[in-house]
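Here is the structure we will look at.
The values are calculated or read from the model by the stated rules, or taken from the named source; none is laboratory data. Remember, it's a predicted structure, so these values are computed and weren't measured experimentally. Positions of Cβ are generated from backbone atoms using ideal geometry, with glycine treated the same way; all protein chains shown enter the neighbour counts.
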């Protein structure tokens, strides 16, 4: 009985080793095809970039001089768009130089569905695949082009992109019958669009629209005033329309009127649109504590395990080789229509060390100054700085008061 039990255990172990070896070979073959595909997508593909912040729209005008910008999505928090992958390194350098908060969301091929279909081994084979591809190819959309004749509007482009998605007109989608008249009517109904044309040429769909001329700005008696968004001491006012109701040296609070919507004509006040902006001195204060000795966690070594799961089954988490550790887990599809997932377990050995503060007083002041300046707006100019340093038993407090002139 013991001998039979050992034989069963041996057979079970051999079977597990064979399965593990099989999965490793599949993983290596998948990586080889993925590398080939990434080279194709790097030269012919598109990269989706997300720029965060209120000034994200300004980056589009600079990026459009380097590469064609497509599929713009704008919200209050971020702006997303696609650019040519081969120009990506130039765009990233531009965003870094301009100090924009950005990240790469996705990298796709020019026609990713077609490239990946040919890259998948065993999916389409021989003559049968060629015949099937020829029959259904014409019903797929491989390119969607949207062109504006007139003043282009990013918000309008985003609305049109949303309408195209509603009708299923996206790259890689299969469109059996395209109702061009209905799609043209939907686009023409948008505010600012006077004409829309939709044509399907082979697997390409071309959308052309014209924008309306800007309406004349008639004087309104209910025009809004320009108000202060920050507490400041006014230094100058630039009036483009209306009348300035504040002057140099005035202290304004948030919501106070800077430029009112009227002009004086004799004893009368004629309503006009209030336009312009004002600069003022704004004061910022920030305090930072620099501990004399700080405990810091550092990674001294790491070990990664790879496991495979089939049909939704999650493999058992391997045992950590370290006593103090941090575990990072990732799961990804194996691909090629196989019901296999790849699980990666990365164990990082953590060691807590005490680090002494090596910065002198000038270095601590510089660190606080850099943090505060990074939060200033683009219009801000630093006028003066004041420091207050307090040394305690546990460390040093550095308080910075910064005076800046900026648009308020």
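Exactly one residue among 407, 340, 350 is under 29 Å from the mean Cα position of the chain (by Cα) and surrounded by 11 or more Cβ atoms within 10 Å (Cβ to Cβ), and that residue is 407. The listed residues are 169, 234, 146, and the only one of them that is closer than 30 Å to residue 269 by Cβ, modelled with pLDDT of 75 or more, surrounded by 13 or more Cβ atoms within 10 Å (Cβ to Cβ) and in contact with a strand residue (DSSP E or B) (Cβ under 8 Å, 6 or more places away or on another chain) turns out to be 234. Only one entry in 163, 127, 114 is in a helix (DSSP H, G or I), under 25 Å from residue 198 (Cβ atoms) and at pLDDT below 80, namely 114. Any residue at all in segment 33-47 that is at negative phi and modelled with pLDDT of 80 or more? Yes, segment 33-47 contains a residue that is at negative phi and modelled with pLDDT of 80 or more. Can you name the residue in segment 329-372 that is without any contact (Cβ under 8 Å) to a residue 40 or more places away in the chain, outside the structural domain of residue 309 (by TED's automatic domain parsing) and touching a strand residue (DSSP E or B) at 6+ places or on another chain (Cβ under 7 Å) and, of all such residues, is farthest from residue 99 (Cα to Cα)? Here the residue is 361. Filtering segment 173-202 to residues that are touching a strand residue (DSSP E or B) at 6+ places or on another chain (Cβ under 6 Å) and either under 16 Å from residue 162 (Cα atoms) or not in a strand (DSSP E or B) (or both) leaves 178, 180, 183, 184, 187, 188, 192, 193, 196, 198.
If we scan segment 326-336, do we find a residue that is at pLDDT below 90, over 28 Å from the mean Cα position of the chain (by Cα) and farther than 30 Å from residue 292 by Cα? Looking for residues that are at pLDDT below 90, over 28 Å from the mean Cα position of the chain (by Cα) and farther than 30 Å from residue 292 by Cα, one finds at least one in segment 326-336, hence yes. Among the criteria (1) in contact (Cβ under 8 Å) with a residue 60 or more places away in the chain; (2) part of a strand (DSSP E or B), the one residue 237 does not fulfil is (1). Examine segment 345-360 for a residue that is closer than 30 Å to residue 282 by Cβ and assigned to a helix (DSSP H, G or I), and state whether such a residue exists. Within segment 345-360 (the criterion being closer than 30 Å to residue 282 by Cβ and assigned to a helix (DSSP H, G or I)), the answer is no, since none of the residues qualifies.
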